[in-house]
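Here the structure comes first, spelled out in structure tokens, and everything after it is commentary.
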Amino acid sequence: MSDKYDVIVIGAGPGGYVAAIKAAQLGLKTACVESWTSADGKSQVLGGTCLNVGCIPSKALLEVSHKFEETTHDYEAQGIIAKDVKMDIGKMMERKSGIVKQLTGGIAGLFKSNGVTSIHGHGKLLAGRKVEVTDKDGKTSTYEADNVIIATGSKPIQIPPAPFDGEYIVDSEGALEFTEVPKRLGVIGAGVIGLELGSVWARLGSEVTVIEAQDTFLPAVDQQLAKDAFKQFQKQGLNIALGARMTGAEVKRKLVNVSYEDSKGKHEAKFDKLIVAVGRRPYTDGLLAEDAGVQMDERGFIFVDDNCKTEAPGVWAIGDVVRGPMLAHKASEEGVMVAERIAGHKPQVNYDCIPNVIYTAPEVAWVGKTEEELKAAGEEYNVGTFPFAANGRAMAANAASGMVKIIADAKTDRILGFHVVGPAASEIVAQGVIAMEFGSSAEDLALTCFAHPTLSESVHEAALAVAGGAIHIANRRKKK
């Protein structure tokens, strides 16, 4: 038996590495197990899906492709003449990889500075809070801890009609590695990942078709904003087919032949590449020994209580392997909470105040309840909206589409939902998160002084509009 630890974390993604660092900062002897290996097979790679093949590389490509689209389509209207602009895909991918390498290497540095022991290999939880680690050569070692935190994340779902082949039919990871712009690109799934990846390649010149089985576009998003975003995506050239169920995909003569059905009948389409982005599932394969004492549901999610404790004493689970949204920041917050609880503190995660973001252009971001959810619950509420078309800073930035929407309780005025579609929505939504964390009312925001000219003034105006007092748009007349 090797050294015993106070805490062993299995998985070094945004949940796992944050939990390990926080535990070490709290004076706990901590180790983190991670199986991810570099392309050359020589070294361990930290950061999980988010840093390596998810959040960070996709944002790098989104930023570059957005700048390219602005240069080729939007600059002339602003007086900037840029001719013969070209995109170097190889350079773009090289930059993306450089960012990933810098950030993942940074985690290794943080582990060292905080005293976290990094263990390279596949971790498996045994009974009695023991962790068996199998290295790349098949050698096993066993470690023991007072507490074990499972943070193994998730992986893309593969569907029978379109099995991944790594070249023509790919998952979200493969879509980040194209060496050239596909002439025709198909995307299965109009969720966050599908829209973001479809946007990247559409901006760079692909003819993109998104096939979505649900009849409603972005059903988790407030539908007033979802409809606004849908119109803008269509204007950008994204062909989004709703209520369309894919029935098959076959590669013939270097093309993916896709068949799908909708209310109008059967259809066929040919693509150079097909991205399957229909969701993710917990990565729990080979994770638990039969007598580990941890229970999972039929989909592979680990059962935990509100504080991320499993049914096995001293065993915790966080992030994508447990209930709740599969979001990196949610995993990180759970990691901090669990580490602090192990150290004897009593923190909690406020799951009502976890922001969601789609990093398209326009960005879509929200926190709290949608208007549809409140209607279904029979709750009384007031709504205030303000369009970026009436915001001077947005107009000056040539980004005057979308809006801010604030929903407040009709009796208490407490903010129940905060929704943004438009420029910098991913940053603006944080104002709603802070307001809701402190139990703010719409009036609290309305009484706050915002700098002028800023995009955030739209938050101020939306808050004023909740009570019918917006300054820079005509207010709705109150019903008598």
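The values are calculated or read from the model by the stated rules, or taken from the named source; none is laboratory data. The structure displayed is predicted, hence computed values, not measured ones. Cβ: placed from backbone, ideal geometry, glycine included. Neighbour counts: every protein chain shown. To get the accessible areas, we keep the full protein, side chains included, count just its heavy atoms, and leave off ligands, DNA and RNA. Shrake-Rupley method; radii C 1.70, N 1.55, O 1.52, S 1.80 Å.
A 1.4 Å probe run over the protein chains yields, for segment 38-98, 58 Å² of accessible area per residue, whole-number rounding. Taking each residue as 0.36 nm, the span from LYS231 to ASN257 lengthens on full extension beyond its C-alpha to C-alpha distance by 6.6 nm. Reducing segment 446-472 and segment 11-43 to their Cα centroids gives an inter-centroid distance of 43 Å.
For segment 149-234, what does the accessible surface come to per residue with a 1.4 Å probe? Please give it in Å².
Per residue, segment 149-234 has an accessible area of 38 Å².
Neighbours of GLN25, meaning other residues whose beta-carbon lies under 13 angstrom from its beta-carbon, give a summed charge of 0 when Lys and Arg score +1 and Asp and Glu score -1. Of the solvent-accessible surface of the chain, computed with a 1.4 Å probe over protein heavy atoms with every protein chain present, carbon and sulfur atoms account for 49 percent.
Global dimensions of segment 1-154 from alpha-carbon coordinates: Rg and Dmax equal 20.4, 70 Å.
Of the residues HIS329, HIS452, HIS120, the one with the largest accessible area comes first in the ranking HIS452, HIS329, HIS120, computed with a 1.4 Å probe on protein heavy atoms. Under 5 Å between amide hydrogens, built in the peptide plane, is the criterion, and for GLY417 it picks out LYS369, ILE407 among residues at least 5 positions away or on other chains. Here ASP306 sits with roughly 120 square angstrom of accessible surface, probe radius 1.4 Å. Ranking LEU445, LEU126 by solvent-accessible area of protein heavy atoms (1.4 Å probe, all protein chains present), from largest to smallest, gives LEU126, LEU445. The relative contact order of the chain, computed from alpha carbon pairs under 8 Å that lie at least 6 residues apart in sequence, is 14 percent. Secondary structure note: in the chain, about 60% of the DSSP beta bridges are antiparallel.
For GLN348, the shell of other residues with beta-carbons less than 14 Å away shows a net charge of -3, using +1 for Lys and Arg and -1 for Asp and Glu. If you wrap segment 369-480 in the convex hull of its Cα atoms and look at it from every side, the mean projected area works out to 6.9 nm². Spacing of the modelled spin labels on LYS101 and SER43, each 7 Å from Cα toward Cβ, amounts to 0.9 nm. Of the three principal axes defined by the Cα atoms of segment 146-236, the extents in descending order read 55, 36, 25 Å. With coordinates expressed along the principal axes, the C-alpha atoms belonging to segment 276-433 extend over 61, 41, 32 Å, beginning with the largest.
Largest first, the extents of the alpha carbon coordinates of segment 223-279 on the three principal axes equal 41, 23, 23 Å. Heavy-atom accessible area for ASP262, with the other protein chains in place and a 1.4 Å probe, reaches approximately 40 Å². Computed over protein heavy atoms with a 1.4 Å probe, the accessible surface of segment 336-480 works out to 50 Å² per residue.
To one decimal place, what orientation-averaged projected area in nm² is obtained for the convex hull of the Cα set of the chain?
That works out to 26.2 nm², a quarter of the Cα hull's surface.
Would you kindly calculate the mean projected area, averaged across all directions, of the convex hull enclosing the Cα atoms of segment 241-340, in square nanometres? That works out to 9.7 nm².
Solvent-accessible surface of protein heavy atoms, probed at 1.4 angstrom with all chains present, puts CYS55, CYS50 in the order CYS55, CYS50, largest first. How large is the accessible surface of SER456 in square angstrom, using a 1.4 angstrom probe and rounding to the nearest 10? Accessible area of SER456: about 30 Å². Size descriptors for segment 89-242 (Cα atoms only): Rg and Dmax, in that order, 20.9, 58 Å.
The modelled label-to-label distance for the pair ALA430/ALA289, using points 7 Å beyond Cα in the direction of Cβ, is 4.4 nm.
Over 32 Å apart at the Cα level, from the set LYS22/LYS130; LYS266/LYS369; LYS59/LYS254; LYS139/LYS254; LYS101/LYS369; LYS155/LYS273, are LYS266/LYS369; LYS139/LYS254; LYS101/LYS369.
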